[in-house]
Amino acid sequence: MTTASMNALELSGVRKVYGSGGSAVTALDGVSVGIPRGSFTAVMGPSGSGKSTFLHCAAGLDRPTSGRVALGGYEIGNLNESALTQLRRDRIGFIFQAYNLLPSLNVLQNITLPLRLAGRKPDPQWLRTIVEGVGIAKRLEHRPAELSGGQQQRVAIARALVARPDVVLADEPTGALDTRTGKQVLDLLRTIVDHMGQTVLMVTHDPVAASAADSVLFLADGKLAGHAVKPTPERIAEWMTHLGEW
Ligand code: ADP
Ligand code: MG
């Protein structure tokens with residue numbers, strides 16, 4: 001297997017500078033990392049360390065000032081805007097802290113929206129696998145307002161999976177949930193990695209949430225400051241203390 005096919009996502013020497021001259025801010029300063037297929041990776045770091053910029057560059061929502069990003073083996077720097085939009089739609093699933101469901105659509109319509117926007121039909125068998133997998137199969141006719149926060153996040157996870165993306169990017173997916181519901185959502189992310197072979201990259205502030213991942217990347221001042229494999233919440237908290245977060 002080539003490196004490109006082993007890694008769902010690869011960043012090489014990614015730098016991102018916002019603004020110019022005296023007001024320039026270096027948000028990412030030479031980040032190189034490969035995210036293996038079928039892995040669950042958390043990204044942590046103090047506020048302003050570049051986590052969101054990292055996620056946006058990984059998603060092709062933001063273009064690096066220099067360096068390369070490859071998604072599913074495709075170098076995204078070479079793509080024009082419309083090709084990039086299509087790549088995002090076909091190969092990336094997003095999960096946000098705010099679930100971003102459309103209130104006028106029912107659960108099933110929300111889940112299948114990305115495919116319909118792409119002019120594609122959902123594969124009924126895959127659709128069944130994901131709605132059962134996220135535990136929302138009995139709620140398909142309901143509107144988001146009729147669901148709890150945890151259930152709405154499950155719908156958002158199903159929507160992120162519907163196009164069978166190369167990578168699922170999650171920005172604080174448990175940030176709006178209580179501890180117990182947050183744990184259920186993390187268990188679910190674990191399940192889509194372990195049983196569906198998905199690749200998940202999650203930004204979080206929470207050491208307990210991060211400990212659900214296979215490995216944790218630490219960012220500080222736009223640089224990779226560490227990488228811990230299967231760390232406990234206590235070890236993660238210790239890292240964060242060293243990075244100056246608490
Ligand atoms: P984090 O998500 O870890 O809090 P960000 O990636 O949001 O960090 O930001 C990293 C740095 O880049 C911060 O100093 C932030 O102020 C700056 N930054 C982020 N986005 C922009 C932008 N659009 N314009 C200017 N500066 C930005
Ligand atoms: Mg952020």
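Odds and ends about this structure:
- Residue that is most open to solvent (accessible area, probe 1.4 Å), among those in the range 31-53 that are aliphatic (A, V, I, L, M) and closer than 24 Å to Gly197 by Cα: Val33
- Applying the condition of being modelled with pLDDT of 95 or more and within 13 Å of ligand 1 (Cβ to nearest atom) to the range 3-23 and asking which residue is least open to solvent (accessible area, probe 1.4 Å) yields Val14.
- For the range 63-72, filtered to residues that are of a type in the set (Gly, Ala, Ser) and surrounded by 15 or more Cβ atoms within 10 Å (Cβ to Cβ), the residue that is nearest to ligand 1 (Cβ to nearest atom) is Gly67.
- Every residue from the range 195-212 that is open to solvent by 50 Å² or more (accessible area, probe 1.4 Å) and either within 16 Å of ligand 1 (Cβ to nearest atom) or in contact with a Leu (Cβ under 7 Å, 6 or more places away or on another chain) (or both): His205, Asp206
- Residue-level analysis places Gly60 outside the set of residues that are exposed (fewer than 15 other Cβ atoms within 10 Å of the Cβ), farther than 18 Å from Gly226 by Cβ and either more than 9 Å from ligand 1 (Cβ to nearest atom) or modelled with pLDDT of 95 or more (or both).
- Of all the criteria given as (1) surrounded by fewer than 19 Cβ atoms within 10 Å (Cβ to Cβ); (2) out of contact with any helix residue (DSSP H, G or I) (no Cβ under 6 Å at 6 or more places or on another chain); (3) not hydroxyl-bearing (Ser, Thr, Tyr), the one not satisfied by Ile192 is (1).
- Of all the numbered requirements in (1) surrounded by 15 or more Cβ atoms within 10 Å (Cβ to Cβ); (2) free of Cβ contacts under 8 Å to residues at least 60 places away in the same chain; (3) not basic (Lys, Arg), Ala176 misses one, and that requirement is (2).
The values are calculated or read from the model by the stated rules, or taken from the named source; none is laboratory data. Quantities reported herein were computed from a predicted structural model and do not represent experimental measurements. Positions of Cβ are generated from backbone atoms using ideal geometry, with glycine treated the same way; all protein chains shown enter the neighbour counts. Accessible surface is based on the protein model in full, side chains and every heavy atom, while ligands, DNA and RNA are left aside. Shrake-Rupley method; radii C 1.70, N 1.55, O 1.52, S 1.80 Å.
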